Structure formats: structure tokens, C-alpha cells
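A short write-up of the structure that comes next.
The values are calculated or read from the model by the stated rules, or taken from the named source; none is laboratory data. These figures come from a predicted structure and were not determined experimentally. Ideal geometry is used to build each Cβ from the backbone, glycine not excepted, and the neighbour counts take in all protein chains shown. In case anyone asks, the SASA skips ligands and DNA or RNA and just uses the protein heavy atoms, side chains included. Shrake-Rupley method; radii C 1.70, N 1.55, O 1.52, S 1.80 Å.
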Amino acid sequence: MKYGFIGCGNMGGALALALSKTTKDILLSDIDPEKARNLAEKLGVKSGTNNEVVKNCERIFFGVKPQVMADMISGIKADLKDKNTVIITMAAGIKTESIEKEIGIKLPIIRIMPNTPVTVESGMILYCTNGLVEDSTAESFVNDMQFAGMLDEIDETLMDAGCSLSGCGPAFMYMFALSLAKGAEKCGIPKEKAIKYAAQTMLGSAQMLLKSETDPETLIKNVCSPGGSTIEGVKSLESSNIYEMGEEAVKAAYKRNIELGKN
């Protein structure tokens, strides 16, 4: 089979869902076999054991938590010998060289750092390879994952920094949306409507930022009319040091990513 998943929890399951919209040539496995069976039935794919995934799949997602990665690999590495399986790892803080050492043989490895919006086809997935992945394989993988959102290749040395924005960023975005909604509530808008308005406004603004060739500073100016209401809100945000707050949030997340990578 083309793809296998060892571990189909929240993120693994979300990626399997996105991938299943491109291909049904997927085999799922999980420490909880019932979870794998239920998800496989939902997606119209197959389920099996870890070793069946290794023996039958060309590309394998390692969807287990970092702290159990070594134990999981020890149970399958004998079956990886004499194969050119492509490993796709999403474990935070574990570099491709660490996966290579655990496996004990050289295999092509794609390291990805997805974020939670992959569940709604709007994820940001950073990826890198260990140099053994052929260009055609990487291109095929990116195409197969198109329903997960946007994929972008980045040097592995920048993965922790990139993840501090894209991986942690959804929480930051939700916090800002919540703050806007609370402001609207205090102006009389019902809570549910306020959250909806904030979310849709963030979505539309993000689309403009992605699809236009205009920088954020210019887009801000385009919304602000001299003496209008927007400029007053912008002044309030600037006085609250919003830019510094965003910078510090990403830097704090990055510092922790570095610490986790050393453990």
C-alpha cells in the first residue's frame, strides 16, 4: 500500500482524514486497535498492526508521541531492513538524525510539523527531509497532502522557530479572536455572534494577506480612514504594544521548543 499510519490520534487522525481525500490506499494502526478500526471504517481505508503497516506500506507516518517513539521503533525496525520505506515523522523536537539512529539504517525521512487547522483543510505544515528523499517523492507527498492545507519546505535548523509560529500560532489567534469578541460583547453584540464575526474577519483578512501581494503594513493603512473609527482602534492596540506581545509569544514558544529538543 502507498501510505501507512502508526498512531492515529488527534493529529495522526486529522492527517489521515486529509490524505484519504486524495487516496484510499492507506493502512492505519494504533495502540488502541479499535480506534484504528473505527477511523479506517470512517475514511474507507484499512487497519492493521504496526508490523503489517511496515511490511505493506511504501510511506509510513510515525504518529506517536515523542516519549514513546523509541519503544515504537524498536518493535518495527527489524521489518524495515532491506526496504526503502519513506518515513514521515511529526514528533515535536525529534530531528531526522535521531530517527535514523533509532532505526539503525539509512532511510529517506520527511519530517513534518503540522498544526491543528489541518482538520479543516487549512493547516500550515512545515517539512524538511534528510537528503535521501528524492525530489519526485517530496513533490508527490506534497500533492497527496493538498487537502491538509499549505505545505512549505524549510531547513531543519529552522523547524523549531517555524513551529513556534505555525504550530503554536492557532492558540495565539484564538486568544486574539476572543479578545475582539469580548470587546464586541461589551458594545452589545451577543457572544455567539461576536465570536462568529471575529472568526470570519480573521479568515477574510488572512485570505487577503495570502492572496494579495500587499504587505501587512499597507493593508493596515488601507483599512484606516483619517479621523475614522479604525485608526482609533489601531492606536489603542499600538499603545498596548501588540507587536511586542506577538514577538514575545513566539520567542517564548521557541525557547521552549529548544528546551524540549534537548531532552
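Per residue, the chain exposes 58 Å² of solvent-accessible protein surface, assessed with a 1.4 angstrom probe and all protein chains in place. Using Cβ point charges alone (K and R +1, D and E -1), the dipole size of the chain about the Cα centre works out to roughly 740 debye.
For the chain, the Kirkwood hydrodynamic radius comes to 20.4 Å, computed from all pairs of different C-alpha atoms.
The relative contact order of the chain comes to 14 percent, based on Cα pairs under 8 Å that sit 6 or more residues apart.
Backbone N atoms of the stretch 154-177 closer than 14 Å to the 7 Å Cα→Cβ label point of Ile242 belong to residues 173-177. Here's how it looks for Ile110: its modeled amide H is under 5 Å from those of Ile87, Ile88, Thr89, which are all 5 or more places away or on a different chain.
Cross-link pairs exceeding 18 Å in C-alpha to C-alpha distance, out of Lys196/Lys235; Lys101/Lys262; Lys55/Lys101; Lys95/Lys255; Lys2/Lys83; Lys182/Lys221, comprise Lys196/Lys235; Lys55/Lys101; Lys182/Lys221. Shape class for the stretch 89-151, computed from the alpha carbon gyration tensor (a ≥ b ≥ c): oblate, with a/c not under 1.5 and a/b at or below b/c.
Here the chain is scanned for GluC sites (Glu not before Pro) in DSSP loops (not H, G, I, E, B) that have at most 15 other Cβ atoms within 10 Å, and the longest stretch holding none of them is 135-212.
In the elastic network of the chain, a GNM with C-alpha springs shorter than 10 Å, the most mobile of Gly63, Gly167, Gly188 is Gly188.
Which trypsin sites (Lys or Arg not before Pro) in the stretch 98-187 pass both tests, a DSSP loop state and at most 11 other beta-carbon atoms within 10 Å?
Passing sites in the stretch 98-187 are Lys106.
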